[in-house]
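The values are calculated or read from the model by the stated rules, or taken from the named source; none is laboratory data. Worth saying up front: this structure is predicted, and the values here are computed from it rather than measured. Backbone-built Cβ (ideal geometry, glycine too); neighbour counts: all protein chains shown.
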Amino acid sequence: MKDMTVLEAKRFGVTTCKPTATLMSAACVMQENNISALVVVDSDGFLAGVITRTDLVRACYERDDWPQQPVHAYMNTDVVTVRLDDRLETVMALLIDRRIHRVVAVEPVGDKFKPKGVLSATDIVYHMASCH
């Protein structure tokens with residue numbers, strides 16, 4: 001299983017939003033899709049950041065007007081990325097070493113990245129359970 005590539009292991013596409021979207025709209029998309037994060041993309045579809053449920057909780061805690069706040073005010077721009085041909089072993093090491101829950105699988109285009117999927121700890125456990 002550790003030798004599977006990110007391309008082989010990713011189970012779903014990527015759900016995105018724009019940096020100018022409101023936190024309320026991001027929360028609704030997460031809730032409707034039962035996901036814990038959205039990949040934030042610029043107007044050309046390149047990776048700009050990630051917004052998570054924890055970011056939304058922080059915004060709600062800090063501001064009464066959180067629903068109207070833009071995603072870019074709370075998103076994380078330091079996104080851990082992997083390539084589609086990287087191995088799951090690499091992803092596991094990143095999740096553990098960086099103490100994160102997900103990585104964004106990307107395709108480089110010049111000096112920018114096109115998001116192609118998200119691979120989370122949940123996805124890895126899915127494959128672990130499928131291997132018995």
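Tabulated data
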| read-out | value |
| --- | --- |
| Looking only at the range 1-41, and only at residues there that are of a type in the set (A, V, I, L, M) and assigned to a loop (DSSP other than H, G, I, E, B), the one that is farthest from Gln68 (Cα to Cα) | Met1 |
| Single residue of the range 68-77 satisfying the filter (more than 16 Å from the chain's Cα centre (by Cα) and surrounded by fewer than 18 Cβ atoms within 10 Å (Cβ to Cβ)) that is nearest to Ala21 (Cα to Cα) | Pro70 |
| Some residue of the range 118-128 being among the hydroxyl-bearing types (Ser, Thr, Tyr) and farther than 20 Å from Met1 by Cα | no |
| Tally, over the range 1-24, of residues that are more than 22 Å from Ile100 (Cβ to Cβ) and surrounded by 15 or more Cβ atoms within 10 Å (Cβ to Cβ) | 3 |
| Where Met128 falls short, out of the listed (1) closer than 22 Å to Val40 by Cα; (2) among the aliphatic types (A, V, I, L, M); (3) touching a residue at least 40 places away in the same chain (Cβ under 8 Å) | (1) |
| Tally of residues being in a loop (DSSP other than H, G, I, E, B) and touching a strand residue (DSSP E or B) at 6+ places or on another chain (Cβ under 9 Å) across the range 101-132 | 1 |
| Criterion: closer than 28 Å to Thr22 by Cα, modelled with pLDDT of 95 or more, in contact with a Ser or Thr (Cβ under 8 Å, 6 or more places away or on another chain) and β-branched (Val, Ile, Thr) - qualifying residue of Val80, Val103 | Val103 |
| Breaking point among (1) charged (D, E, K, R); (2) over 21 Å from Asp3 (Cβ atoms); (3) free of Cβ contacts under 8 Å to residues at least 40 places away in the same chain; (4) surrounded by fewer than 18 Cβ atoms within 10 Å (Cβ to Cβ), for Lys112 | (3) |
| Per-region count, the range 45-68, residues within 23 Å of Val14 (Cα to Cα) and either free of Cβ contacts under 8 Å to residues at least 12 places away in the same chain or polar (S, T, N, Q) (or both) | 3 |
